[in-house]
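Asks: Next up is a structure, given as structure tokens.
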Amino acid sequence: MDLLIYLMIKALDIYLYIIFAHVILSWLLAFGVVNLQNPIAFKISRFLDRVTEPVYRPIRRLMPDLNGLDLSPIVIILGISLLQRLLASMLIA
């Protein structure tokens, strides 16, 4: 059981890194630093979109429109952090 909880915590860590990468890439795209005409950048962007969008979508439906400001990654990061703390407390107990 402890191993399963530990693996879940680590999987959530990896997903946090994916979210951070998606946020940073979206900023780089918005400011024109990265161009999606580059095939490698396009593939990375497509992968990050496919991995994060299923989690972002329900949060975006619940949150109000803030004129282009997407706060769903912040909500997901807070939720994952809370879940990790809950799992860690189960691991300690």
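The values are calculated or read from the model by the stated rules, or taken from the named source; none is laboratory data. Nothing here was measured: the structure is a model prediction, and the numbers come from that model. Backbone-built Cβ (ideal geometry, glycine too); neighbour counts: all protein chains shown. All accessible areas refer to the heavy atoms of the entire protein, side chains included, with ligands and DNA or RNA removed. Shrake-Rupley method; radii C 1.70, N 1.55, O 1.52, S 1.80 Å.
Asks: What number of residues in segment 47-65 are within 12 Å of the chain's Cα centre (by Cα) and exposed (fewer than 13 other Cβ atoms within 10 Å of the Cβ)?
Replies: 4
Asks: Could I ask something else about it? Among the residues of segment 29-41, write down those that are of a type in the set (A, V, I, L, M) and either in a helix (DSSP H, G or I) or in contact (Cβ under 8 Å) with a residue 60 or more places away in the chain (or both).
Replies: Kept after step one, since they are of a type in the set (A, V, I, L, M), are these residues of segment 29-41: 29-30, 33-34, 36, 40-41.
Of everything in segment 29-41, those that are of a type in the set (A, V, I, L, M) and either in a helix (DSSP H, G or I) or in contact (Cβ under 8 Å) with a residue 60 or more places away in the chain (or both) turn out to be 29, 30, 40, 41.
Asks: Filter segment 46-80 down to residues that are of a type in the set (Gly, Ala, Ser) and in contact (Cβ under 8 Å) with a residue 40 or more places away in the chain, then give me how many there are. I'd like the intermediate steps shown before the answer.
Replies: Going residue by residue through segment 46-80, those that are of a type in the set (Gly, Ala, Ser) are 68, 72, 79.
If we keep only those that are in contact (Cβ under 8 Å) with a residue 40 or more places away in the chain too, we end up with none.
Total meeting the criteria: 0.
Asks: Can you say whether residue 44 is open to solvent by 40 Å² or more (accessible area, probe 1.4 Å), touching a helix residue (DSSP H, G or I) at 6+ places or on another chain (Cβ under 8 Å) and assigned to a helix (DSSP H, G or I), as far as the supplied structure shows?
Replies: The answer is yes for residue 44.
Asks: With the structure loaded, tell me whether residue 83 is in a helix (DSSP H, G or I), of a type outside the set (Ser, Thr, Tyr), open to solvent by less than 50 Å² (accessible area, probe 1.4 Å) and under 26 Å from residue 4 (Cα atoms) or whether it fails that test.
Replies: On the way: in a helix (DSSP H, G or I): yes; of a type outside the set (Ser, Thr, Tyr): yes; open to solvent by less than 50 Å² (accessible area, probe 1.4 Å): no; under 26 Å from residue 4 (Cα atoms): yes.
Answer is no for this residue.
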